[in-house]
Ligand SMILES: [Zn+2]
């Protein structure tokens with residue numbers, strides 16, 4: 001997978017707070033600003049260019065950015081040609097009847113095998129498995145760090161919440177989390193794992209969260225603006 005560095009900042013555009021992803025990419029030649037339905041505005045800058053130059057471009061184009069944000073689509077089906085994010089990076093869904101594996105992921109595509117009418121189902125199943133794998137890894141790591149064991153992990157299709165933690169230490173997460181940028185997913189996992197220690201949202205709880213994930217405030221801002229868009233997929 002291509003290596004890049006990125007950070008997310010909150011940009012104030014005419015009084016609206018918009019999370020902006022700035023990505024430094026080794027192969028980028030120019031500064032490019034675009035919008036992706038899953039992550040909102042992204043500015044890609046060459047490796048040796050400062051983040052600030054990317055932010056400047058986004059500010060210059062703020063009228064365009066706000067128009068794009070307001071006209072984002074409301075439903076993206078899992079069909080051939082659809083652009084769908086995995087950990088915040090969009091890839092194109094491609095039907096590949098020849099492939100032996102149900103789903104093969106590359107840097108740019110999801111190659112989905114089998115009959116075309118079963119493609120959406122197959123890709124959804126794959127996302128759920130991938131969500132379980134990625135989320136379990138992080139739960140494992142963070143609960144060890146915290147020194148609080150969990151009982152079990154459930155992956156669900158919840159619309160009302162990203163995750164939950166019950167009093168007996170069972171954690172539950174929405175599979176769609178795996179589409180979100182890594183720092184947002186990491187925050188949601190940290191939030192639920194922190195509930196293994198404190199079930200409330202006290203200052204002590206937030207202190208624990210901050211020891212388990214680096215970008216709590218940015219992730220919360222991101223979820224507020226773009227979180228619900230992930231339900232447009234599939
Ligand atoms: Zn909570």
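The values are calculated or read from the model by the stated rules, or taken from the named source; none is laboratory data. Not measured: the values here are computed from a predicted model. All Cβ positions, even for glycine, are placed from backbone atoms using ideal geometry, and neighbour counts span all protein chains on display.
Considered as a group, the residues in the range 172-207 that are over 30 Å from residue 83 (Cβ atoms) and surrounded by 20 or more Cβ atoms within 10 Å (Cβ to Cβ) include one that is nearest to the ligand (Cβ to nearest atom), and that residue is 195. In the range 41-52, the qualifying residues are those that are in contact with a strand residue (DSSP E or B) (Cβ under 6 Å, 6 or more places away or on another chain) and surrounded by 13 or more Cβ atoms within 10 Å (Cβ to Cβ), and the one that is farthest from residue 111 (Cα to Cα) is 51.
For residue 141, the conditions (1) farther than 16 Å from residue 86 by Cα; (2) assigned by TED's automatic domain parsing to the domain that holds residue 210; (3) touching a residue at least 24 places away in the same chain (Cβ under 8 Å) all hold with the exception of (3).
How many residues are more than 24 Å from residue 228 (Cα to Cα) and either more than 14 Å from the ligand (Cβ to nearest atom) or in contact with a strand residue (DSSP E or B) (Cβ under 8 Å, 6 or more places away or on another chain) (or both) if we restrict to the range 162-171?
Taking the range 162-171 first, the residues more than 24 Å from residue 228 (Cα to Cα) are 167-170.
Next, from what is left, pick out any that are either more than 14 Å from the ligand (Cβ to nearest atom) or in contact with a strand residue (DSSP E or B) (Cβ under 8 Å, 6 or more places away or on another chain) (or both): 168-170.
Number satisfying all stated conditions: 3.
Taken residue by residue, the range 137-152 has at least one member that is assigned to a strand (DSSP E or B) and surrounded by fewer than 17 Cβ atoms within 10 Å (Cβ to Cβ).
Among the residues of the range 153-194, those that are free of Cβ contacts under 8 Å to residues at least 40 places away in the same chain and more than 28 Å from residue 232 (Cβ to Cβ) comprise 166, 167, 168, 169, 170. Evaluate the range 197-205: report whether one residue or more is closer than 19 Å to residue 89 by Cβ and in a helix (DSSP H, G or I). No, the range 197-205 contains no residue that is closer than 19 Å to residue 89 by Cβ and in a helix (DSSP H, G or I). The selection criterion, being in contact with a strand residue (DSSP E or B) (Cβ under 7 Å, 6 or more places away or on another chain), at negative phi and within 16 Å of the ligand (Cβ to nearest atom), does not hold for residue 143.
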